[in-house]
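The values are calculated or read from the model by the stated rules, or taken from the named source; none is laboratory data. Since the structure is predicted, the reported quantities are computational estimates derived from the model, not experimental observations. Ideal geometry is used to build each Cβ from the backbone, glycine not excepted, and the neighbour counts take in all protein chains shown.
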Amino acid sequence: MEYNTSNFTKKSNIFFKYVSMDQNKVIINNAISAYFWLAALFLFLPTKKENIKHPFVKSHAKTAVLIHFLFFLTYTIFIWFRLGWNIGFFGFYLNFILASALCLGLFVWMLYGVLKASKWETFAINDVVSMSKADQLFEMKESKLNEQGIVTIILTLIPFVWILIAGKYEKYKSPIIENNVKFNTICSFIILTLFNTNNGNVAVLLGLAYIVSVVFFSIILITNKNLILLRLEFIPSLSECVIYMQTWFRYLVKYFKKDAFEPLKQIYLQVINEKITQDALQLDMLSSFPKPKFAQKMSYIPILNLILIVDIKSTHKFHIINGIWISILAIVMFFTFTYSSLLYLLFPLFAGWGNKNKLNYKLPFIFSISQFILYFLKKILFLWEKVKEKHQITNEITLK
């Protein structure tokens with residue numbers, strides 16, 4: 001008896017094709033189900049079923065877990081801890097507005113993941129990061145730093161220690177240190193502001209998230225020699241902000257005056273050149289001053305540094321002025337705000353200590369505002385003297 005092997009092979013291929021198609025449908029359905037709160041079950045369920053252990057299902061499950069975690073984080077911050085509940089817009093509270101917007105965006109991501117899974121296409125975590133444009137904010141590269149460099153980079157992410165590191169390595173103009181300092185400054189300021197606006201629970205939550213991030217960064221830097229580079233060049237430093245503000249102020253004044261119009265870039269270069277010239281003149285001036293009687297470390301100890309007024313004509317003149325204005329701010333904040341608001345003064349305090357080797361260092365914003373206040377007071381005193389003189393002349397004429 002003879003068998004038609006070609007017919008048998010053809011039928012078997014059709015059979016396995018249908019079986020394969022059915023299996024693929026099961027895998028696709030499992031990947032879709034991961035977005036409906038089954039992702040953690042697929043990832044951690046101890047099973048031998050190939051339809052669940054399949055890499056395609058695992059990939060979508062990981063992405064779904066991330067989206068679900070972001071849902072939970074949004075609920076925790078804006079609904080549970082009610083961040084922004086005391087700010088309203090047309091009868092709607094800020095926390096509900098932000099929570100609704102974020103949840104809507106995450107829901108769109110879920111639908112996009114479902115669509116990808118239904119087409120047998122992957123939707124990895126990297127794709128989520130790319131869609132959120134977060135990949136434009138950081139990148140990972142192999143590190144060639146020595147032990148000292150690794151410790152330095154890690155310290156730039158420790159709150160307030162980063163200010164000391166930034167001052168120590170400022171002359172190197174390292175973009176890694178500068179971007180880490182910007183990131184640390186922003187995070188520290190946000191957490192401190194949340195703490196001072198009766199959102200202590202959210203501040204603690206973000207603080208813990210920041211600590212975990214720093215630990216993760218440190219581990220991969222030490223063990224795997226991989227360095228996460230932050231791309232925050234678009235965020236100006238405090239010193240650059242002062243220069244930009246001076247440029248715009250001068251630009252607007254010249255615009256509304258009858259003077260000839262000057263382009264913004266030209267005024268910006270003028271401000272930069274004036275700053276360079278002024279710094280050189282100040283260093284020459286300080287070189288002719290005697291050394292101070294008190295240690296420089298006392299310059300940034302609030303209240304106690306007021307006794308350093310006797311050293312105002314010394315090489316530490318600008319540091320003493322910085323410290324005096326910090327003391328004035330401390331007194332004003334102590335009597336007008338909460339005690340916890342004094343923690344904001346840690347920023348200028350550490351900045352002063354970190355830049356102690358720069359004799360002409362001026363605290364950004366604080367020194368500029370203090371100079372404006374002194375200029376304003378001098379104008380008032382000048383006008384007061386003029387009024388007194390005219391009043392005396394009027395009295396003399398009346399008596400005559």
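Please determine whether any residue of the range 203-222 is outside the structural domain of Phe337 (by TED's automatic domain parsing), surrounded by fewer than 18 Cβ atoms within 10 Å (Cβ to Cβ) and not in a helix (DSSP H, G or I). No - not one qualifying residue is present in the range 203-222. A residue that is modelled with pLDDT under 80 and of a type in the set (Ser, Thr, Tyr) cannot be found anywhere in the range 349-362. Checked against the criterion of being part of a helix (DSSP H, G or I), farther than 18 Å from Gly354 by Cα and of a type in the set (Val, Ile, Thr), the range 156-173 contains not a single residue that satisfies it.
Just a yes or no: is a residue in the range 229-239 in a helix (DSSP H, G or I), touching a Pro at 6+ places or on another chain (Cβ under 9 Å) and either of a type in the set (Asp, Glu) or more than 19 Å from Phe78 (Cα to Cα) (or both)?
Looking for residues that are in a helix (DSSP H, G or I), touching a Pro at 6+ places or on another chain (Cβ under 9 Å) and either of a type in the set (Asp, Glu) or more than 19 Å from Phe78 (Cα to Cα) (or both), one finds at least one in the range 229-239, hence yes.
In the range 186-206, the residues that are in contact (Cβ under 8 Å) with a residue 40 or more places away in the chain form Cβ pairs under 7 Å with partners that are aromatic (Phe, Trp, Tyr), at six or more places apart or across chains, as follows: Leu192/Tyr344; Asn199/Phe81; Asn201/Phe81; Val202/Phe81. The residue pairs whose first member lies in the range 59-72 and is farther than 15 Å from Ala101 by Cα and in a helix (DSSP H, G or I), whose second member is acidic (Asp, Glu) and modelled with pLDDT under 85, and whose beta carbons are closer than 9 Å, counting only pairs six or more residues apart or on different chains, are Thr63/Asp127. Hey, among Ser143, Ser118, Ser59, which residue is surrounded by 12 or more Cβ atoms within 10 Å (Cβ to Cβ), at pLDDT 75 or above and farther than 30 Å from Ser218 by Cβ? Just a single option satisfies the conditions, and that option is Ser118. Is it the case that the range 198-207 has a residue that's over 30 Å from Leu342 (Cβ atoms) and either under 14 Å from the mean Cα position of the chain (by Cα) or at pLDDT 85 or above (or both)? Checking the range 198-207: not a single residue is over 30 Å from Leu342 (Cβ atoms) and either under 14 Å from the mean Cα position of the chain (by Cα) or at pLDDT 85 or above (or both). A single member of Asp279, Asp284, Asp311 is assigned by TED's automatic domain parsing to the domain that holds Leu374, over 21 Å from Ile163 (Cα atoms), loosely packed, with under 11 Cβ neighbours inside 10 Å and among the acidic types (Asp, Glu), and it is Asp284. Yes or no: Phe318 among the aromatic types (Phe, Trp, Tyr) and crowded, with 18+ Cβ neighbours inside 10 Å? Yes, satisfied. Would you be able to say whether some residue in the range 349-359 is of a type in the set (Lys, Arg), within 25 Å of Tyr169 (Cβ to Cβ), surrounded by 14 or more Cβ atoms within 10 Å (Cβ to Cβ) and not assigned by TED's automatic domain parsing to the domain that holds Ile158? Yes; the residues of the range 349-359 include at least one that is of a type in the set (Lys, Arg), within 25 Å of Tyr169 (Cβ to Cβ), surrounded by 14 or more Cβ atoms within 10 Å (Cβ to Cβ) and not assigned by TED's automatic domain parsing to the domain that holds Ile158.
Criterion applied to Pro292, Pro302, Pro348 was being under 30 Å from Leu194 (Cβ atoms) and outside any helix (DSSP H, G or I), and the one residue passing it is Pro302.
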